[in-house]
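*Asks:* Structure in structure tokens, see below.
The values are calculated or read from the model by the stated rules, or taken from the named source; none is laboratory data. Since this is a predicted model, take the numbers as computed values, not measurements. Here the Cβ positions follow ideal geometry from the backbone for every residue, glycine too, while neighbour counts run over all protein chains shown.
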Amino acid sequence: MKLSTASVLLKLVLIISAIVVALVVFWCVPMYMQHVTDVRPDLAGWDYWMRAYALLVALPVWVTIVLLWKVFGTIPKSEAFSTENAHRFQWIAWLAEGDICVVGGFALFLLISGVTPPFLVMCFGGAIFGGIAAAIVFHVLAGLVRNAAELKQDSDMTI
């Protein structure tokens with residue numbers, strides 16, 4: 001597969017991911033909250049806060065998508081191993097850690113409050129696991145790309 005084709009396919013995945021996140025934030029969460037307030041009208045005050053929370057969790061994901069878009073744009077130019085991409089991967093790792101804190105903090109709040117329906121426990125558990133995996137992967141990628149960029153720079157200086 002040509003590098004330009006790979007870059008286009010990876011960017012297509014990013015576009016689909018951004019759309020899916022938007023659907024969750026702007027369609028699924030409001031629908032879920034509508035269900036919650038139909039079943040428990042006393043929780044109607046939480047509707048606004050849950051929509052804001054969903055947006056808060058989604059913002060780092062969208063920033064990550066933008067950063068990955070820039071990384072994938074360097075692939076066809078054979079510039080993937082650069083210090084800029086290493087910094088982007090480091091930022092993505094930090095964004096993942098921030099999302100872990102936001103999701104974990106709210107999950108802890110719900111646990112302390114006694115609100116633990118299996119659906120929410122599964123969603124928060126999956127989000128925390130995915131965040132931890134992403135943070136580890138992108139920390140490692142940042143280090144690998146940084147090392148490769150340094151080796152490339154040393155090689156270019158030798159020539």
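*Asks:* Output the number of the condition that W91 fails; it satisfies all remaining conditions of (1) within 23 Å of V29 (Cβ to Cβ); (2) assigned to a helix (DSSP H, G or I).
*Replies:* Here W91 meets the rest and fails (1).
*Asks:* Take the conditions assigned to a helix (DSSP H, G or I), over 30 Å from R51 (Cβ atoms) and touching a residue at least 12 places away in the same chain (Cβ under 8 Å) and apply them to A135. Does it pass? Spell out how you get there, then give the answer.
*Replies:* Numbers: assigned to a helix (DSSP H, G or I): yes; over 30 Å from R51 (Cβ atoms): no; touching a residue at least 12 places away in the same chain (Cβ under 8 Å): yes.
Answer is no for this residue.
*Asks:* Does I15 satisfy being buried (at least 16 other Cβ atoms within 10 Å of the Cβ) and hydrophobic (A, V, I, L, M, F, W, C)?
*Replies:* Working: buried (at least 16 other Cβ atoms within 10 Å of the Cβ): no; hydrophobic (A, V, I, L, M, F, W, C): yes.
Taking the combined requirement at face value, the residue does not satisfy it.
*Asks:* Hey, any hits in segment 67-77 for a residue that's outside any helix (DSSP H, G or I) and surrounded by fewer than 16 Cβ atoms within 10 Å (Cβ to Cβ)?
*Replies:* Residues of segment 67-77 outside any helix (DSSP H, G or I): 75-77.
Filter once more, so that each one left must be surrounded by fewer than 16 Cβ atoms within 10 Å (Cβ to Cβ): 76-77.
Yes: segment 67-77 contains one or more residues that are outside any helix (DSSP H, G or I) and surrounded by fewer than 16 Cβ atoms within 10 Å (Cβ to Cβ).
*Asks:* Turning to a different aspect of this structure: State yes or no: is Q34 buried (at least 17 other Cβ atoms within 10 Å of the Cβ), among the polar types (S, T, N, Q) and in a helix (DSSP H, G or I)?
*Replies:* When the stated conditions are applied, Q34 does not pass them.
*Asks:* Then there's this: All but one of (1) assigned to a helix (DSSP H, G or I); (2) modelled with pLDDT under 90 hold for M1, so report the exception by its number.
*Replies:* Among (1) assigned to a helix (DSSP H, G or I); (2) modelled with pLDDT under 90, M1 violates only (1).
*Asks:* Moving to a separate point now. Identify, please: which residue in segment 124-159 is under 19 Å from V57 (Cβ atoms) and surrounded by 15 or more Cβ atoms within 10 Å (Cβ to Cβ) and is, among those, modelled with the lowest pLDDT?
*Replies:* By that ranking, first place goes to F124.
*Asks:* Could you tell me which of the residues V8, V21, V13, V57 is part of a helix (DSSP H, G or I), over 17 Å from the mean Cα position of the chain (by Cα) and aliphatic (A, V, I, L, M)?
*Replies:* Numbers: V21 fails: over 17 Å from the mean Cα position of the chain (by Cα); V13 fails: over 17 Å from the mean Cα position of the chain (by Cα); V57 fails: over 17 Å from the mean Cα position of the chain (by Cα).
Only one candidate passes the filter, namely V8.
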